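Shown next, in structure tokens, is the structure this report addresses.
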Amino acid sequence: MPDTVTRLDPPASRLHDDTAAAPALLSAENLKKHFPIHGGMLNRRVAEVKAVDGVSFAVRKGETLGVVGESGCGKSTLARLLIGLVRQDDGRILFDGHAVGSPQGLTLRDLRRNVQIVFQDSDSSLNPRLPVGESIAYGPQVHGMKRRAARALAHDLLRRVGLEPELFAHRYPHELSGGQKQRINIARALALEPRLVILDEAVSALDKSIEAQVLNLLRKLKETLSLTYIFISHDLNVVRYVSDRILVMYLGEIVETGPTDAVYRAPKHPYTKALLDSRLAVDPRGRIETAPLSGDPPNPINPPSGCRFRTRCPYAEEVCALQRPSLGGWQDHAAHLAACHMSDPESGHSSARQTSLPWQ
Amino acid sequence: MSEATLSLPVRSALGRASGAAKPRGYWQNVGRRLSRDYVTLFFAFIIAVIALAAVFAPFIAPHDPNATSMVHRLKPIGYQSYLLGSDELGRDMLSRLIYGGRISLVMGLVPVCLATSIGGLLGLAAGFAGGWINALIMRTMDVLYAFPSVLLAVAISGMMGGGVFNSLIALTLVFIPPLCRVAEVATTQIRGRDFVEAARASGASGLSIILHHVLRNVLAPVLIYASSLISVSILLAAGLSFLGLGVEPPTSDWGLMLSTLRQSIYVQPVVCALPGAAIFLSSLCFNLVSDGLRQAMDIKT
């Protein structure tokens, strides 16, 4: 990979960031998004998919927050909520301490300048009729930058993502490989000088060697531009490699959160445990014969009562059906928490009073 | 607040002199491919000849197209100065065909252009807005769709009366629904793509997204389809004139000529078939050029 990334002076506002104290750059409080399902006579609202159901978390300045979970657990909806592509039904988003969308706080436009997203499908993310340089320059022009300056910026960004501007700026997406396209998408996201970049399965569709290159690029960009990442992926190994902290999602809820090492070393939620066990071992002696988790996640239209994981949980007890476990204390960044009755001594679950969890 | 809304510093960190390799745009590519397609070029050339003849008809036509002659009625091809013979009133066929080309070209191009702008915009709006706006526009189009196009054109012309202007309007109304649908389908497809989401995520307004991202992708399919409608429009216009709903006599028009000459088909079959041949040739040329255009514009993305 050509190493042509040059260091520029960070924008003035970033100089104020006190990374040592690491306040929350973006936090979500009790975020909910229910998609209505219309049907029957007169297109009535017959049900709703609880895609994101009461999610609270915070991203600190300068960290990488990994979000993992099965397909359909609401990861991508969460990403789209955070950037305002879909509006939440309930809850609020704070960016840098300012509520988004409230009269005193930030407008959606302000949020979108500071938060950008890279999608999984590198091909669909680029306009096939626009040279990629123009695609990168489009965002700044929307925000009032002159065409010439935006083009110069696009060239600079192309160099930063390791593509020679003279060779690539005028090309069309169909002339580029998947990895190159994803580099363009990263450049496009960076063109507005965001402080937070959401990477929604951004490397999942790339083959392994390209994936590693792009991950290294992302890490380098994060250092030079003092970015914050929310890294959404289903690939547990990649998430472990890039993330400082982890959110584990299941059926629209956060079931476990904590520092990456702690979560990977000692998962507190049986779902996280099963997820981690389902990774393939390189060592043949470490092979697993049975799937740690069987079946599909329950239908999010009608999720199980109490704990949503109880239908697939080997440790489920009566209390799990009756009470919904909560993820208390999420404001504490260093905390390793699980929304599980076994982690709550007061819950009445038989394993709750034991000193260690059943699998430890 | 001030911290969150950072100003975008203009970074003029252009390392090297830019401006190598001029970007070749989509339309330049299309033009390049068209310039190598000799079949299409040939038929485009015939259209150009017809068009030039129509535009400069007063200078080219050997006779006054409306000058009748009781003596020289229904003469065969090559009779005296009547290169292509004369019609039932002794008017020069060649001159009438040249003048008739004016009406046919106008009737072929104007309704399609009007319908492309109106239908295209409606389809773009329907596809981009979605929801009830889409339902309103597209269901209205479906109502127009329910009538066979010829019947609809005849009904509209019949209702408003004959004449060139009224048939123009009738044909435009006939072509709006299919063009609207093509634009709507293309827009709906584009709207769901991630790059539109990404543009929205960069804070762009709906109008800006349409102009920069949607229109570019919708234009090609709409133009390809519209070009295929030109020959249909010429045929329909000739049909309306044939039925007496188009131009009024004595204006020379291919459809009208075909209609008045049909009684003389046993007297001068070849001369009487000439307007039909002109209609056939022009719509064939437009069809083949449209085909070439489709191939040139169908660049894999």
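The values are calculated or read from the model by the stated rules, or taken from the named source; none is laboratory data. Computed from a predicted model, the values in this text were never measured in an experiment. Note that each Cβ is placed from the backbone with ideal geometry, even for glycine, and that neighbours are counted across all protein chains shown.
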task: Considering only residues that are over 13 Å from the mean Cα position of the chain (by Cα) and buried (at least 23 other Cβ atoms within 10 Å of the Cβ), look in segment B:100-118 and name the one that is nearest to residue B:264 (Cα to Cα).
output: B:100
Which numbered condition residue A:254 fails, given (1) touching a helix residue (DSSP H, G or I) at 6+ places or on another chain (Cβ under 9 Å); (2) crowded, with 18+ Cβ neighbours inside 10 Å; (3) of a type in the set (Val, Ile, Thr): (1)
- prompt: Of (1) within 30 Å of residue A:120 (Cβ to Cβ); (2) at pLDDT 90 or above; (3) out of contact with any Pro (no Cβ under 7 Å at 6 or more places or on another chain), residue B:179 satisfies all except one. Which?
  reply: (1)
Positions within segment A:51-66 being closer than 22 Å to residue A:225 by Cα, under 13 Å from the mean Cα position of the chain (by Cα) and part of a strand (DSSP E or B), in sequence order: A:58, A:59, A:64, A:65, A:66
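Table: residues versus (1) in a helix (DSSP H, G or I); (2) charged (D, E, K, R); (3) touching a Ser or Thr at 6+ places or on another chain (Cβ under 8 Å); (4) crowded, with 19+ Cβ neighbours inside 10 Å.
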site: B:151; (1), (2), (3), (4): yes, no, no, no
site: B:155; (1), (2), (3), (4): yes, no, no, no
site: B:162; (1), (2), (3), (4): no, no, no, no
site: B:166; (1), (2), (3), (4): yes, no, yes, no
site: B:176; (1), (2), (3), (4): yes, no, no, yes
site: B:181; (1), (2), (3), (4): yes, yes, no, yes
site: B:186; (1), (2), (3), (4): yes, no, no, yes
site: B:198; (1), (2), (3), (4): yes, no, yes, yes
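In segment A:167-188, which residues are among the aliphatic types (A, V, I, L, M) and closer than 20 Å to residue A:239 by Cα?
A:186
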- prompt: Restricting attention to segment A:90-113, does a residue exist that is more than 8 Å from chain B (Cβ to nearest Cβ), in contact with a Pro (Cβ under 7 Å, 6 or more places away or on another chain) and part of a loop (DSSP other than H, G, I, E, B)?
  reply: no
task: Mind counting the residues in segment B:204-234 that are assigned to a helix (DSSP H, G or I) and touching a Phe, Trp or Tyr at 6+ places or on another chain (Cβ under 9 Å)?
output: 18
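Each row is one residue, and each column tells you yes or no for (1) buried (at least 18 other Cβ atoms within 10 Å of the Cβ); (2) within 28 Å of residue A:74 (Cβ to Cβ); (3) in contact with a His (Cβ under 6 Å, 6 or more places away or on another chain); (4) charged (D, E, K, R).
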site	(1), (2), (3), (4)
A:144	no, no, no, no
A:158	yes, no, no, no
A:162	yes, no, no, no
A:175	no, no, no, yes
A:180	yes, no, no, no
A:200	yes, yes, no, yes
task: Name, by its number, the condition in (1) within 14 Å of chain B (Cβ to nearest Cβ); (2) modelled with pLDDT of 90 or more; (3) in contact with a strand residue (DSSP E or B) (Cβ under 6 Å, 6 or more places away or on another chain) that does not hold for residue A:256.
output: (1)
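Looking at segment A:78-89, which of the residues that are of a type in the set (A, V, I, L, M) and in contact with a strand residue (DSSP E or B) (Cβ under 7 Å, 6 or more places away or on another chain) is nearest to the other protein chains (Cβ to nearest Cβ)? Explain how you work it out, then say what you get.
Applying the first criterion (of a type in the set (A, V, I, L, M)) to segment A:78-89 yields A:78-79, A:81-83, A:85-86.
Still in the list and also in contact with a strand residue (DSSP E or B) (Cβ under 7 Å, 6 or more places away or on another chain): A:78-79, A:81-83, A:86.
Values: A:78: 14, A:79: 10, A:81: 12, A:82: 10, A:83: 5, A:86: 10 Å.
For segment A:78-89, the residue satisfying everything is A:83.
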field: Residue identified as over 24 Å from residue B:240 (Cα atoms) and within 14 Å of chain A (Cβ to nearest Cβ) among B:291, B:298
entry: B:298
Helices (runs of 4 or more DSSP H) (entirely within segment A:120-200) containing at least 2 residues that are among the polar types (S, T, N, Q) and either over 27 Å from residue A:61 (Cα atoms) or at the interface with chain B (Cβ under 10 Å from one of its Cβ atoms) (or both): A:132-142, A:178-190
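Here is a check on your reading of the model: is residue B:278 under 17 Å from the mean Cα position of the chain (by Cα) and under 20 Å from residue B:103 (Cα atoms)?
Numbers: under 17 Å from the mean Cα position of the chain (by Cα): no; under 20 Å from residue B:103 (Cα atoms): yes.
The answer is no for residue B:278.
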- line: The one condition residue A:208 fails out of (1) under 23 Å from residue A:81 (Cα atoms); (2) out of contact with any helix residue (DSSP H, G or I) (no Cβ under 7 Å at 6 or more places or on another chain); (3) among the charged types (D, E, K, R) is (1)
